[in-house]
Amino acid sequence: MLFIKILQYIAVIVTLLTGLYSLIRPRAIKGFTGLEASSPHATTEIRSVMGGTFVGLGLAALLMPTREVFMTLAIVYAAIAVIRAISMVLDRSVVQSNIISLITEVVLVIILVL
């Protein structure tokens with residue numbers, strides 16, 4: 001049980017770090033996500049949507065470490081994974097970074113629901 005809790009907190013830390021990275025280095029995520037901070041507006045969108053969402057989810061799980069909050073985080077990752085998988089087929093974007101992201105999201109869902 002302790003091992004599972006450690007894994008869950010690692011999932012939360014990954015979430016928080018993903019958000020912080022997007023917030024602090026919005027131009028650097030292009031190499032992995034393909035999103036380009038090509039204008040001040042685009043930079044703000046990356047910081048607020050990607051950074052803010054993941055920072056908020058990570059902080060919520062750290063500050064209120066309840067089963068419900070961890071399940072909420074799992075639901076968010078599950079939704080991202082399902083939409084990513086569908087989009088990869090529809091958009092013909094089955095590329096390494098999307099595959100890695102999809103696998104990561106599925107693993108995080110599994111860890112968070114344990």
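For this structure, a couple of remarks:
- The Rg/Rh ratio of the stretch 23-70, with Rg taken over Cα atoms and Rh as the Kirkwood radius over Cα pairs, comes to 1.13.
- Karplus-derived HN-Hα couplings along the stretch 48-60 (A = 6.51, B = -1.76, C = 1.60, θ = phi - 60°), whole Hz, x at Gly and Pro: 6, 6, 6, x, x, 4, 6, 5, x, 5, x, 5, 4
- Electrostatic dipole magnitude of the chain [Cβ: Lys, Arg +1; Asp, Glu -1; Cα centre; debye, to 20]: 160
- You can think of it this way: the chain between THR72 and ILE4 has 22.8 nm of extra reach, that is 0.36 nm per residue less the Cα-Cα gap.
- In sequence order, calculated HN-Hα J values of the stretch 67-79 (Karplus, 6.51, -1.76, 1.60; Hz; x Gly/Pro): 4, 5, 5, 5, 5, 4, 4, 4, 5, 4, 5, 5, 4
- Degrees between helix 2-24 axis and first principal axis of the chain (Cα, 0 to 90, nearest 10): 20
- With each label modelled as a point 7 angstrom along the Cα→C-beta vector, the MET88-LEU17 pair spans 2.2 nm.
- Ligands, DNA and RNA are left out, and with a 1.4 angstrom probe the accessible area of the stretch 1-46 is 66 Å² per residue.
- Cβ-Cβ FRET estimate between ILE100 and SER39, R0 fixed at 25 Å, reported to 0.05: 0.35
- Based on Cα contacts under 8 Å between residues 6+ apart, the chain shows a relative contact order of 30 percent.
- Surface composition of the chain: carbon plus sulfur atoms hold 74% of the accessible area, using a 1.4 angstrom probe and ignoring ligands, DNA and RNA.
- Angle in degrees between helix 96-113 and the longest Cα principal axis of the chain, rounded to the nearest 10: 20
- Cα convex hull of the chain - mean projected area over all directions, nm²: 7.2
The values are calculated or read from the model by the stated rules, or taken from the named source; none is laboratory data. Remember, predicted model here, so these are calculated numbers, not experimental data. Don't worry about glycine lacking a Cβ; one is built from the backbone with ideal geometry, like all the others, and counts go over all protein chains shown. Ligands, DNA and RNA are excluded from the accessible area calculation, which covers all protein heavy atoms including side chains. Shrake-Rupley method; radii C 1.70, N 1.55, O 1.52, S 1.80 Å.
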